[in-house]
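Student: Take a look at the following structure, please.
The values are calculated or read from the model by the stated rules, or taken from the named source; none is laboratory data. All values reported here derive from a predicted model rather than from experimental measurement. Methodologically, a virtual Cβ is constructed for each residue, glycine included, from the backbone with ideal geometry; neighbour enumeration extends over all protein chains shown. Surface accessibility is based on the protein's heavy atoms, side chains included, excluding ligands, DNA and RNA. Shrake-Rupley method; radii C 1.70, N 1.55, O 1.52, S 1.80 Å.
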Amino acid sequence: MGYILPDMASFVVRAPGRVNLIGEHIDYCGLSVFPMAIGRSVRMTFQPRAHREIRITNRDPRFTPAVFTVSDGIPPAPAGDWSNYARAAAQAVAQRFGDLRGVDAAVESDRPIAAGLSSSSALLVATALAILHANEVSIPSVELMELLARGERYVGTAGGGMDQAIILGAQAGSASRIDFHPLRLTPTAVPTGWQFIVSQSLVRAEKSGAALKAYNERPRQCDDARRVVATRLGLREDITYPALLAAASLEELLDVAASSLSDVLARRFRHVITEGARVRQAEAAMATGGGDLATFGGLLDSSHASLRDHYEVSHPELDRLVELAREAGAAGARLTGAGFGGSIVALCSVKRAPEVIAALREAFYAPRGVAGDAEYVFAVEPSAGAAVS
């Protein structure tokens, strides 16, 4: 366990991964999203230290140990280094609380890396909770969600606040609609007859290099489109997306976008506002007595088509997984996470889940020389949020 000493009292923080069911690439536009936490998690065993140094190791030998000092200005490791998420957490809580002592920490995970399941944000949350626990300080949950959402920008991604909010605030057995400005979570119980399946594309969902550039380009494009459409409607240029959607119908917004935006910006704008509508429709479909599986599945399909054609963040391997899942009997499927690789999420009945998983193993993983075991394709259950024990 790396630096952890067996003769000293230690604690464990579990930070779950998440799968975003619907509402992709719209949290940074201030629009609601609908994720759930999953049982697979980052686990950090830690011990408080007497001074400000943090020493962190990873059970996975691909990730080298890191040592740094807790402060309000922590120098980053090289781009792409795993410890930057721990550094981001330490810097964020130090900026909030001032002088803090560090921890010795050992990390392990039962989730695939760079699979679009937010392993990086889970590490950030785990580190923050470990430091707060070691220093016996507390912070309201919503404030911590917002603090860590801002803090994660340390690594260079222009993301929203979905990951930190669901990792900290999820309820077992439920998905949660997350609203922003103000931040709040509204849980909906996942019907007992539903099964969500995650399947990894074998293409890493990196947020570095060219992928980082493409990822960060999308929020700028969304912002540019919003300002132009608002101006054409005679509204304030700084109006938010939620306020824009309240001020005009979906059809009117799409008409104005088609006549006033470049092709690229019009497609980005179309995805954002239609995906925002799909979130509310999906929440209603899940909340219907017993759940409306077919409607929810159709919304997943529409979301994937929009992410592929309008937002342009899919990948041929993701598209193939979605196609195979549908052919095997899934009610619907789509990419989940930032895209450019990573994973899909498919929805089917509990009874059909073994058939869907078997079909993906046979038709996708076997031809690629991969066994397709539980590391790559697995059923997920709605889990509780992060906690220290």
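Student: Between exposed GluC sites (Glu not before Pro) in the chain, where DSSP calls loop and at most 12 other Cβ atoms lie within 10 Å, what's the longest gap? If you can, show how the numbers build up before the last one.
Tutor: Values: sites that count: Glu136, Glu237.
That gives 238-389 as the longest site-free run.
Student: If ligands, DNA and RNA are left out, what is the accessible area of His315 with a 1.4 Å probe, given in Å² to the nearest 10?
Tutor: His315 has an accessible surface of roughly 50 Å² with all protein chains in place.
Student: Sticking with this one: As a test question: what accessible area, to the nearest 10 Å², does Thr57 have when a 1.4 Å probe is rolled over all protein chains in place?
Tutor: Surface open to solvent at Thr57 totals about 20 Å².
Student: Just to be sure I follow: if Rg is taken over the C-alpha atoms of the chain and Rh is the Kirkwood radius over the same atoms, what is Rg/Rh?
Tutor: 0.97
Student: Helix 263-287: angle to the longest alpha-carbon principal axis of the chain, degrees 0 to 90, nearest 10?
Tutor: That helix lies at roughly 80 degrees to the long axis.
Student: Compute, for the chain, the length of the dipole vector about the Cα centre, with Cβ point charges of +1 (Lys, Arg) and -1 (Asp, Glu) only. Units Debye, rounded to 20.
Tutor: 320
Student: Okay, moving on. Out of the range 323-354, which trypsin sites (Lys or Arg not before Pro) are coil in DSSP terms and have no more than 13 other C-beta atoms within 10 Å? Can you show the working numbers first?
Tutor: Numbers: sites: Arg326, Arg334, Lys351, Arg352; in loops: Lys351, Arg352.
Filter output for the range 323-354: Lys351.
Student: Out of residues 5 or more away from Asn58 or on other chains, whose amide H comes under 5 Å of its own, with H placed 1.01 Å from N in the peptide plane?
Tutor: Val107
Student: Okay, next question. Would you mind working out the magnitude of the charge dipole of the range 252-360 relative to its Cα centre, with +1 at each Lys and Arg C-beta and -1 at each Asp and Glu C-beta, to the nearest 20 Debye?
Tutor: It comes to approximately 220 debye.
Student: Follow-up. Which percentage, to the nearest 5, of the DSSP beta bridges contained in the chain is antiparallel? Show your work: numbers first, answer last.
Tutor: On the way: 48 of 52 bridges.
Percent antiparallel among DSSP bridges in the chain is about 90.
Student: I need the phi-derived Karplus couplings for the range 361-367: 6.51 cos²θ - 1.76 cosθ + 1.60, θ = phi - 60°, integer Hz, Gly and Pro marked x.
Tutor: Working through the residues one at a time gives 4, 6, 8, 10, 7, 4, x Hz.
Student: What shape does the range 165-230 have by the C-alpha gyration tensor, where a ≥ b ≥ c are the square roots of the eigenvalues, rounded means a/c under 1.5, and otherwise prolate means a/b greater than b/c and oblate the rest?
Tutor: Oblate, since a/c reaches 1.5 and b/c is not below a/b.
Student: Treat every Asp and Glu Cβ in the range 107-205 as -1 and every Lys and Arg Cβ as +1, leave all other atoms uncharged, and give the resulting dipole magnitude about the Cα centre to the nearest 20 debye.
Tutor: Approximately 260 debye in magnitude.
Student: So how do Leu185, Leu360 rank on accessible area, 1.4 Å probe, biggest first, that is with the largest at the start?
Tutor: The most accessible residue leads, giving Leu185, Leu360.
Student: Can you tell me the 0 to 90 degree angle between the C-alpha axis of helix 293-309 and the longest principal axis of the chain, rounded to 10?
Tutor: Compared with the principal axis, the helix lies near 90 degrees.
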